[in-house]
Amino acid sequence: MRELDKVLKEINKKTPKNNKDNKNLNTEERRQLLSVNYRFLDAEAEMKRLFGSHVVNSENRASQGRVLKKSKFASPKSDWPPYKRNGLSMENVETKDGITYYAFRHSEQYQDVQLEFLSAIATHNPEALLFLTRRYPYHVDSLLQLSEIAKQSGDWTAAGDFIERALYACERALHPQFSLSTGTARLSYTKSENRSFFLVIFRQIQFLTRRGCWKTASEFNKLLFSLDPINDPLGSLLSLDYHALSAKDYEYVIKMHDEWKTDGQLYPVDLSNMPNFAYSAAYAKFKISEKNKSTQEESGKMIQEAIKKYPLVYCRLLEKLGEAEPTQTVPLTQYIPNEYMDIMQLSYIERTHEMWKEPEVLEWLKINADLCLNYTVQHPEIIQQKLLCEQKDEIPLSVCRYIVLIDIQKLMSYLPASVTSQSYQMYDPLPPPDSTTMYDINDRMRTRGNGSGTPQEVGGLINMLQNLLRQGGERMPPATPELMRQMMAQLEQVRQQRADQPPGAFPGAENDYVEEYDDLETDENDYPDLLQEATEEEQEGVNHELNHVENEM
């Protein structure tokens, strides 16, 4: 009993500390930094502020047609197909310490569409992917893949439209209580059904920046970070400061720099020890003092501290801007950062160098560099060649995803062999090793095979699995090829059992076919434009889209 009492006392001592640590993840300061203002997610409103309501409204009137339900995330286009619920939804998983965790769900119908999508991707069949999207115009992964194909073909307009449609589909599936303004809504990236939402937001940010919608892009970047700020699965903290600076939201950059604390695993505990935030916060402070016509003493101290810790950022900025480097920087070039730190610095320079070339900014930067470079040469121990975090010696998988998605070619060479040696699809690049799915895809394939599938459909699944084994069998985990062979054997048995049966003779299949024909009738009512013979203009658009896909797949 004494031993039991001793154990209970130890537990009681530890429990308050653990609860305190959990509560620290949901402080008022953190909620404010993660809170998203829905008003700033409206790209169309920002376009009106930039170019005037007359210009934007005239463009909208020129393309009048069907009108979809208004969205907070996207601006539905008049030429989009009618929306009908396709089985994508969201559930409330749990609420813990004031933070609510949500998860997207796939209905059986959506699961079947997902299987068709995976089959089209595995067989590199562009016609199948396009046909699937025309039948299910709001299937998110199909839209992600088509956007990537259009982007690689140089059709940025179509690529952006696919992403906006995917974003619209995700928003229509959100849980009624899912609120981004509270700063307490979370999604787990390990759940495969959630990852599409993360990726759609990342892509939307890229297209918004191309359109010059900096405020909207910044708010979406904040949204992306807020979904999982601890694990940051797509490296959104590496660009959060850049988009906020582009949107002239200088106060937010400084607040993040001063108040946000990480757990010290992926990033340093204090953002002042990240090169991007060290330089960006100083830049923001300078801009605020310039606007208020106040002293630049504080901004000068901040930029000097940043240069002392990360002198190569200063050297590379000057090189990028075509400016002569001072002689004091020569001995500093020997302090090469490790790969993770180098990614941080190079990413920042490639993104922000245009901001630093403003004459008044560049002059301020050079003046303060002259005041601190000699000190840095004499005290090289102040230089940070590694990030002050647990994963400082390796490139985290989340940062690898950031590199794959960000379209900065100079960063691609930093990807480790563990990434470059494997194949991945852009609709789900580098899935986490502990990935989970709410349903067993293999089981769904078997269930589907035992349902209304014809021998030809079963044969298609067998061919798909054979192609996967031939193309990537060596890179799969050891147990996966054997599992796929077992599935192929089971599917072959099903095909042989049904080979001599006429269509409609399968046990219990009559209702399945009735459902299929009912679905077709529903599609005809809801999607008449998808089943009617295309006009010459529509057919030309389809052929144009198909050519893009065929060139890339």
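The values are calculated or read from the model by the stated rules, or taken from the named source; none is laboratory data. All of these numbers come straight from a predicted model, not from anything done at the bench. Heads up, the Cβs are rebuilt from the backbone with ideal geometry, glycines too, and the neighbour counts pull from every protein chain shown. Calculation scope for accessible area: heavy atoms of the full protein, side chains included, ligands and nucleic acids excluded. Shrake-Rupley method; radii C 1.70, N 1.55, O 1.52, S 1.80 Å.
Can you tell me how much longer the chain between Lys392 and Trp156 gets when fully stretched, taken as 0.36 nm per residue apart minus their C-alpha distance, in nm with one decimal?
Stretched out fully, the Lys392 to Trp156 stretch lengthens by 81.3 nm.
Modelling each spin label as a point 7 Å along the Cα-to-Cβ direction, I'd like the Arg485/Arg211 distance in nm, to one decimal.
Calculated label separation equals 5.1 nm.
Among the listed pairs Lys151/Lys285; Lys70/Lys151; Lys72/Lys357, give every one whose C-alpha distance is greater than 28 Å.
Result: Lys151/Lys285; Lys72/Lys357 exceed 28 Å.
Going by accessible area, probe 1.4 Å, with all protein chains left in place, what is the ranking of Leu50, Leu68, Leu405, largest first? Write down the numbers at each step before the final one.
Numbers: Leu50 95, Leu68 30, Leu405 0 Å².
The residues order as Leu50, Leu68, Leu405, largest area first.
Quantify how much of the Cα-Cα distance distribution of the stretch 81-231 extends past 28 Å, in percent.
Summing the P(r) tail past 28 Å for the stretch 81-231 gives 21 percent.
Sorted by accessible area (1.4 Å probe), largest first, how do Asp258, Asp249, Asp79, Asp97 line up?
Most to least solvent-accessible, the answer reads Asp79, Asp258, Asp97, Asp249.
Using only the heavy atoms of the protein chains and a 1.4 Å probe, how would Glu127, Glu323, Glu148, Glu390 rank by accessible area, largest first?
From most exposed to least exposed: Glu390, Glu127, Glu323, Glu148.
So what's the Cα pair-distance distribution over the stretch 273-415, bin width 5 Å, in %?
In order of increasing distance, the bins hold 2, 9, 20, 22, 20, 14, 9, 4, 1 percent.
Given 0.36 nm per residue, what is the gain on full extension from Phe51 to Thr295 after removing their alpha carbon distance, in nm?
On the way: separation 244, 0.36 × 244 = 87.84 nm, distance 3.45 nm.
Contour length minus the Cα-Cα distance gives 84.4 nm.
Could you pull the Rg and Dmax for the stretch 99-162, using just the Cα atoms, both in Å?
In Å, with Rg to one decimal and Dmax whole: 13.3, 44.
Contour minus end-to-end for Ser35 and Gln109, with contour as 0.36 nm per residue of separation and end-to-end as the Cα-Cα distance?
23.2 nm
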